[in-house]
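The values are calculated or read from the model by the stated rules, or taken from the named source; none is laboratory data. As the structure is a prediction and not an experimental result, all values here were calculated from the model. Cβ placement follows ideal geometry from the backbone for every residue including glycine, while neighbour counts extend to all protein chains displayed. When the accessible area is computed, the model is the full protein with side chains, heavy atoms only, and any ligands, DNA or RNA have been set aside. Shrake-Rupley method; radii C 1.70, N 1.55, O 1.52, S 1.80 Å.
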Amino acid sequence: MAASFDVIPSCETVSTGRASAAAGAGTPLPAALPAGQSVIKRLATMKMKFLLSRIAAALLAMLPVGLTIPAARAEISITLNSATFAPLPIAVVDFSGDPEVAAGITEVITANLRRIGYFAPLDPSTFIEKSVNFDAVPDFASWQSINAQGLVTGRAVRESGGRIRVEFRLWDVFAGQQLAGQQFYTDPVNWRRIGHIISDAVLTRVTGLKGMFDTRVVFVDETGSKENRRKRLAVMDQDGGNLRYLTRGEELVVSPRFSPVSQEVAFMSQRLNERTRVQLLNIETGQREVVGSFPDMTSSPQFAPDGQRVVLSLQQGGNANIYAINLRSRTTTRVTSTNAIDTSPSFSPDGSRVVFESDRGGGPQIYVMGADGSGQQRVSFGEGRYSQPVWSPRGDYIAFTRQRGGQFAIGIMKPDGSGERILTEGFHNESPTWAPNGQFIMFFSDPGGQGGGRLYMVDVTGRVRTQIPTPSYASDPAWSPLLSDLR
Amino acid sequence: MFGIRVSAGLKAAAVITATLALGACASNKTDQAGAGGAGGLYGAGASTPGSAQDFVVNVGDRVFFETDSTDLTSTAVATLNKQAVWLQRYPHYTFLIEGHADERGTREYNYALGARRAQTVYDYLVSRGVTSNRIRVVSYGKERPVAVCNDISCWSQNRRAVTVLDRPAGS
């Protein structure tokens with residue numbers, strides 16, 4: 001019965017998580033959350049502005065509740081690169097409390113865990129314990145009998161003053177042990193974000209991966225015929241919730257990129273009969289500005305990890321070269337200088353190197369260089385055309401788009417070009433962007449014809465491929481950092 | 001001639017570029033000023049010599065490129081030679097060269113590819129005596145196709161550079 005459901009971030013050694021079945025079952029736990037032990041730390045309230053406003057203002061307080069039972073060996077975990085990989089059966093019990101938010105939070109958590117394919121949330125109709133007293137120890141035997149390995153319980157209670165208090169616990173059913181527990185205070189409008197934060201806590205505790213759910217995606221919303229497309233920048237939670245439009249569609253917009261440090265997006269815009277320009281948009285205030293002052297068209301922006309610089313591609317006659325702009329000093333530095341098309345630059349997470357595409361050798365291929373342009377070296381040597389390289393936030397891989405034989409694939413390779421792996425292939429896949437934990441890649445896939453693209457995500461094993469809901473056709477996704485990492 | 005929808009018959013056209021040069025395969029959407037190259041200003045009416053319509057119909061406003069190529073084909077050279085003559089005969093026109101790529105490429109690269117195509121046409125027209133200060137260039141990448149479908153007959157129509165005359169001042 002001690003089914004081991006090892007899930008591990010790929011490439012790492014598997015710690016064979018073993019659920020010691022008998023061990024904890026029935027062990028008396030202290031009643032959850034003794035008031036005296038709750039140390040609530042208030043996090044700095046984020047500014048309430050424009051778009052992200054209230055949600056950003058969300059996280060008022062969260063606290064790791066110190067309730068874990070003295071460390072046990074037995075812990076649920078998952079091994080992603082194993083041939084025997086199976087998603088972790090987990091029961092997410094309806095949160096109790098305020099009906100306006102509790103059900104929604106349960107749904108967000110359940111959908112998040114299911115979407116990434118690493119968890120198999122169990123059908124609530126199979127639950128023997130229909131409701132769980134949040135302050136008591138669950139009846140582990142009843143959860144064991146439906147083979148739930150993990151159990152998530154929680155409640156959302158309206159406090160005086162209009163705030164809600166949301167609490168959750170993650171239990172290891174077979175070890176009979178609490179693995180995580182946290183408490184949050186926030187405005188009720190932030191309930192989705194709380195759901196995402198709890199999802200991240202579960203993901204991190206079980207897989208060891210960093211979070212990816214408390215994030216947003218900026219993308220290009222597409223409507224109208226392909227010959228006369230209306231394109232608007234839009235931002236949404238990574239699961240498609242809380243969608244808002246950032247531009248009105250009067251201009252063409254493509255290639256948005258999320259700042260690594262702030263609520264800013266760089267993108268390329270173009271009005272009819274005018275050259276393209278790279279712009280910055282603050283998605284809290286709506287303020288826009290053009291990046292740099294260049295005589296010719298600019299495209300393909302990307303932020304440096306410190307958020308203080310942007311690299312982009314500047315058209316110079318028939319050639320395109322990469323330039324860096326310091327956003328504070330406004331100084332511009334030329335980085336590459338070729339009689340070729342150099343574009344799609346992307347920084348390594350430590351900021352020391354830049355990967356980009358260039359057709360200097362014929363067709364587009366991937367090159368790596370120092371951030372100052374030194375030591376330019378080709379790293380892709382496979383058959384086909386390699387474009388849109390994006391360095392993983394973990395630093396271990398470069399994602400890319402590869403064209404070969406009329407098919408467009410999304411793949412990854414190590415920064416030296418070795419270990420190439422195709423994750424998904426089809427008629428047209430494009431624009432990879434990394435989740436902040438470096439485990440998932442979002443991209444768009446277009447079946448061709450008059451329709452349009454849709455957003456998908458795939459994990460670095462290529463095992464999980466899931467569509468992200470959008471209201472219309474969608475392209476050019478850009479995944480934000482964890483919102484808690486933004487200013 | 002314009003406004004014809006891309007049909008099955010088109011796909012059979014053996015020499016696509018030649019056909020296109022005659023305008024027979026113009027887009028299924030030609031009323032976007034500028035974007036497709038054949039703007040609304042070319043609307044109904046006789047193709048008076050020296051008119052924008054004359055340029056589109058009798059000279060040819062666009063040239064086509066092979067996949068991933070920015071080289072001018074012999075057909076393209078012939079068209080551009082006629083454009084150069086016409087543009088020098090009617091020197092009051094300023095114009096925009098739009099470079100386009102087909103949809104079988106990635107977004108950022110195709111912007112640069114479209115720019116390179118526009119630049120190729122610019123360089124050629126200037127080499128044939130057209131004054132450079134009359135010309136502006138722009139790339140639309142793969143963002144403004146004139147034909148949409150899933151086969152090469154469509155894609156080949158989208159790999160183009162279009163010479164779009166500005167509306168004469170005062171008109």
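Conditions tested, residue by residue: (1) part of a loop (DSSP other than H, G, I, E, B); (2) touching a strand residue (DSSP E or B) at 6+ places or on another chain (Cβ under 9 Å).
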site	(1), (2)
A:P138	yes, yes
A:W143	no, yes
A:N147	yes, yes
A:L151	no, yes
A:G161	yes, no
A:R165	no, yes
(request) Return a yes/no flag: does the stretch B:126-139 have any residue that is within 30 Å of A:I366 (Cβ to Cβ) and over 13 Å from the mean Cα position of the chain (by Cα). (result) no
(message) Within the stretch A:284-307, does at least one residue satisfy the condition of being open to solvent by less than 10 Å² (accessible area, probe 1.4 Å), within 14 Å of chain B (Cβ to nearest Cβ) and aromatic (F, W, Y)?
(response) no
(request) Kindly provide the set of residues from the stretch A:319-364 that are surrounded by fewer than 24 Cβ atoms within 10 Å (Cβ to Cβ), in a loop (DSSP other than H, G, I, E, B) and within 14 Å of another protein chain (Cβ to nearest Cβ), ordered by number. (result) A:T338, A:N339, A:A340, A:D359, A:R360, A:G361, A:G362, A:G363
(request) Run down B:C149, B:C154 and say which single residue is within 9 Å of chain A (Cβ to nearest Cβ) and either of a type in the set (A, V, I, L, M, F, W, C) or touching a residue at least 60 places away in the same chain (Cβ under 8 Å) (or both). (result) B:C149
(message) For the stretch A:150-159, check the following and say yes or no: at least one residue is closer than 27 Å to A:G241 by Cβ, open to solvent by 30 Å² or more (accessible area, probe 1.4 Å) and more than 30 Å from the chain's Cα centre (by Cα).
(response) yes
(request) Collect the residues in the stretch A:211-239 that are small (G, A, S) and on the phi < 0 side of the Ramachandran plot, keeping them in residue-number order. (result) A:G211, A:S225, A:A234
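Here's the yes/no breakdown for (1) closer than 18 Å to A:T470 by Cβ; (2) assigned to a strand (DSSP E or B):
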| site | (1), (2) |
| --- | --- |
| A:A399 | no, yes |
| A:A409 | no, yes |
| A:D416 | no, no |
| A:I422 | no, yes |
| A:P436 | no, no |
| A:I441 | yes, yes |
| A:P447 | yes, no |
(message) Can you go through A:L233, A:L280, A:L312, A:L246 and tell me which one is in contact (Cβ under 8 Å) with a residue 24 or more places away in the chain, among the aliphatic types (A, V, I, L, M) and open to solvent by 10 Å² or more (accessible area, probe 1.4 Å)?
(response) A:L246
(request) Might you check whether a residue that is among the hydroxyl-bearing types (S, T, Y) and over 17 Å from A:W391 (Cβ atoms) occurs anywhere in the stretch A:305-315? (result) no
(request) Give me the pairs, please: first residue somewhere in the stretch B:123-144 and more than 10 Å from chain A (Cβ to nearest Cβ), second residue anywhere and part of a strand (DSSP E or B), beta-carbon distance under 7 Å, and either six or more positions apart or on two chains. (result) B:L125/B:I135; B:R134/B:F95; B:I135/B:F95; B:I135/B:I97
(request) Give the residue that is farthest from the other protein chains (Cβ to nearest Cβ), with candidates limited to residues of the stretch A:308-318 that are of a type outside the set (V, I, T) and more than 26 Å from B:Y124 (Cα to Cα). (result) A:Q308
(message) Condition first: on the phi < 0 side of the Ramachandran plot, buried (at least 22 other Cβ atoms within 10 Å of the Cβ) and part of a strand (DSSP E or B). Can you find one or more residues in the stretch A:191-210 that meet it?
(response) no
(message) Within the stretch A:78-85, does at least one residue satisfy the condition of being crowded, with 20+ Cβ neighbours inside 10 Å and modelled with pLDDT of 95 or more?
(response) no
(request) Mind listing whichever residues of the stretch B:118-159 are aliphatic (A, V, I, L, M) and assigned to a helix (DSSP H, G or I)? (result) B:A118, B:V121, B:L125, B:V126, B:I152
(request) Just give me the residues in the stretch B:101-117 being assigned to a loop (DSSP other than H, G, I, E, B) and facing chain A (nearest Cβ under 7 Å), in sequence order. (result) B:T106
(request) Give the residue, chosen from A:D172, A:D187, that is surrounded by fewer than 24 Cβ atoms within 10 Å (Cβ to Cβ), of a type in the set (D, E, K, R) and in contact (Cβ under 8 Å) with a residue 60 or more places away in the chain. (result) A:D187
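Out of the residues in the stretch A:412-429 meeting the condition of being in contact with a Phe, Trp or Tyr (Cβ under 6 Å, 6 or more places away or on another chain) and within 13 Å of another protein chain (Cβ to nearest Cβ), tell me which one is surrounded by the fewest Cβ atoms within 10 Å (Cβ to Cβ).
A:H428
Can you tell me how many residues within the stretch A:433-464 are within 14 Å of another protein chain (Cβ to nearest Cβ) and either in contact (Cβ under 8 Å) with a residue 60 or more places away in the chain or surrounded by 24 or more Cβ atoms within 10 Å (Cβ to Cβ) (or both)?
Total meeting the criteria: 6.
For B:V137, indicate whether it is within 22 Å of A:T343 (Cα to Cα) and open to solvent by 20 Å² or more (accessible area, probe 1.4 Å).
Criteria met by B:V137.
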(request) Specify which of the listed residues (A:S269, A:S262) is within 27 Å of A:R330 (Cα to Cα), small (G, A, S) and without any contact (Cβ under 8 Å) to a residue 24 or more places away in the chain. (result) A:S269
(message) Just the residues that are open to solvent by less than 40 Å² (accessible area, probe 1.4 Å), in a loop (DSSP other than H, G, I, E, B), closer than 18 Å to B:V126 by Cβ and not β-branched (V, I, T), please, taken from the stretch B:55-95.
(response) B:D61, B:Y93
(request) Give the stretch A:217-230 a look and list any residue that's in contact (Cβ under 8 Å) with a residue 40 or more places away in the chain, in a strand (DSSP E or B) and open to solvent by 10 Å² or more (accessible area, probe 1.4 Å), or say none. (result) A:E222, A:T223
